[in-house]
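J.: This is the structure I want to talk about, given as structure tokens.
Bear in mind these aren't lab numbers, they're just calculated from the coordinates by the rules spelled out. Quantities reported herein were computed from a predicted structural model and do not represent experimental measurements. With ideal geometry, Cβ positions are generated from the backbone for all residues, glycine too; neighbour counts draw on all protein chains shown.
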Amino acid sequence: MSKTPFLCRVGRFLPIAIFAFASASALAEPSIVPPPQLTAPPLPGERPEQLRATVAEAERVSRLLAQTGKVPAIAIAVVKNGEVLSRQTYGVLDASTAQPASTQTVFRLASLSKAFAATLAGLLVNEGYLNWDDRVQDLVPVFELINARSSGKLTVEQVLSHRVGLPRNAEDPMLERDQPYPLLMYKLREVPMSCDVGECYGYQNVAFSLMSDLTFAATGDFFSHQVERRIFHPLGMQTATYGRAALEASTEWARPHVRASRGWRAVPVRDSYYRVPPAAGVNASIEDVTQWMLAQLGHKPDVLPPALLTTLHTPRVSTPGEGATSPWRRARVRHAQYALGWRVYDYAGEPLLFHAGAVQGYRGMIGMLPNRDFGVAVLWNCESATPSGLMPTLLDAYLGLPERTWLAVEDGEVVTPAVSTAKRKAAGPRKSSSKPKAKSKSKGARRRS
């Protein structure tokens, strides 16, 4: 079926672009600092024997996290130069059972889903269904912001780079109270704006999911079907799906867990963020995520052409404060930006494509060094922050950076930055008992927070 007849039937047409889309950099904000473009000289951590040791240590730590009950299940993948160096899953599907997890175990990806939405948009642009500078209101006339002039300016590219002008996570509290997406999208017109469209960064879930409406307006097909057809199936992501029903219908899926008095307790899957599929709807195994990383690093050019990847990975807006959200970011991230569905960090001088995801009972991270053709993914099914140190530990070892304790094993015990600091304090000279203990505890509590 041709594109033009469909657009006529639905009574819409794509606006004629004033300027042709010539290059990815043309969309970047002039104030953006581009990621470092390195010639990538060889690193000590890239030597085969060193790389094998680094990956083996990551596998050992991951296995110990599951064996010691720090997580019910954890999955890890490491890729380099188009090869899979590691793809492992440890632990159990449910803390109350003994059924082991495997590399086919499906996890919720939460906000790792955003890169799939942006990639679909790029594929639709390539095929002429969309343009990056198409105005959202031309395709979705019911969409409005509180400022009518701003409503008419918002483009596809601005939606997918979180430059809508809304305050961070607009309407997420209502989303978490299980309000339906159409109502939340309508209520965006009541939200006071932080800036004009395109002029500042504000991370979104509801507004980001306009990509679902845009997809239907442009193709006449549902968003999830288009992702399956254009991304999941061509990449061989055999267990990747959208939605709660599909997750629970998977042959093997990791149950979400929350903290209990003794360890972890499995809980029912929450629907909330499944209501915004472009922002947080994907389910996938570590097998699937491995294929996704390889594609994003350029090893599936028949599916994701190099020019498309350049467009998706080009920074659009600076993300102030992002570098202060965790110990490894504070130490390693010099500059943080957002592209299309991906964060772009200057990680100790190396461009890092990154995203994390979190919903009740699930966490995940993907980090890729495109100039080094190196990538790491970690998925786990509980609300612990401990495994989040695994990715920076791998990156540091690979890049040969000064050693820091993001996550390690000492005497058979998993060690995080907080634990390491506590041990150093315990090993040092003790304070006089005349010191006011309550005051010192209060300071310690503030530091940990």
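J.: Taking only the Cα atoms of segment 3-410, how large is their convex hull per residue, in Å³? Let's see the in-between values first.
T.: Details: hull volume 56.4 nm³, N = 408.
Looking at segment 3-410, the number lands at 138 Å³ per residue.
J.: Can you give the local net charge around residue 142? Use residues other than it whose beta-carbon is closer than 11 angstrom to its beta-carbon, Lys and Arg +1, Asp and Glu -1. Mind dumping the intermediate values first?
T.: On the way: positive: 189; negative: 144, 213.
Around residue 142, the charge tally is -1.
J.: Taking neighbour Cβ counts within 10 Å as the exposure measure, how do 257, 225, 335 sort from fewest upward? Write down the numbers at each step before the final one.
T.: Details: 257 25, 225 13, 335 19.
The order, fewest Cβ neighbours first, is 225, 335, 257.
J.: Beta carbons within 10 angstrom, averaged per residue: use that to sort the peptides 238-244, 102-108, highest first.
T.: Numbers: 238-244: 20.0, 102-108: 23.4.
By packing density, highest mean first, the sequence is 102-108, 238-244.
J.: In a solvent-free Debye calculation with one equal scatterer on each Cα, what is log10 I(q)/I(0) for segment 283-394 at q = 0.09 Å⁻¹, listed in the order of the q values?
T.: For the requested q values the scattering log ratios are -0.23.
J.: Now for a different question. Using only alpha carbon pairs under 8 Å that are at least six residues apart, calculate the relative contact order of segment 140-264 and give it in whole percent. Intermediate results must be reported in sequence, preceding the final value.
T.: Details: 127 pairs, mean separation 31.4, N = 125.
So the answer I get is 25 percent.
J.: Rounded if a/c is under 1.5, else prolate if a/b is larger than b/c, else oblate: which is segment 226-342, with a ≥ b ≥ c the root eigenvalues of its Cα gyration tensor?
T.: On the way: a/c = 2.09, a/b = 1.13, b/c = 1.85.
Judged from the Cα gyration tensor, segment 226-342 comes out oblate (a/c at least 1.5, b/c at or above a/b).
J.: For segment 3-410, what is the relative contact order in percent, using Cα pairs closer than 8 Å and at least 6 residues apart in sequence? If you can, show how the numbers build up before the last one.
T.: On the way: 842 pairs, mean separation 99.3, N = 408.
After rounding, I find 24 percent.
J.: OK, next. Cβ under 12 Å from residue 110's Cβ, residue 110 left aside: what net charge do those residues give with Lys, Arg +1 and Asp, Glu -1? Spell out each step's value before the answer.
T.: On the way: positive: 108, 114, 270, 363; negative: 383.
For residues surrounding residue 110, the net value is +3.
J.: Indicate the gyration tensor shape class of segment 305-363 (rounded, prolate or oblate), computed on the Cα atoms with a ≥ b ≥ c the square roots of the eigenvalues: a/c under 1.5 is rounded; otherwise a/b larger than b/c is prolate and the rest oblate. Could the numbers behind the result be given before it?
T.: Working: a/c = 2.05, a/b = 1.24, b/c = 1.65.
Oblate.
J.: Which peptide among 182-193, 378-389, 322-333 comes first, and what is the full order, when sorted by highest mean count of other Cβ atoms within 10 Å?
T.: Values: 182-193: 15.3, 378-389: 23.2, 322-333: 17.1.
Ranked from most to least packed, the peptides come out as 378-389, 322-333, 182-193.
J.: Quick one: what do you get for segment 173-304 if you divide its Cα Rg by 2.2 N^0.38 Å? Mind dumping the intermediate values first?
T.: On the way: Rg = 17.3 Å, N = 132, 2.2 N^0.38 = 14.1 Å.
With N residues counted in segment 173-304, Rg over 2.2 N^0.38 Å equals 1.23.
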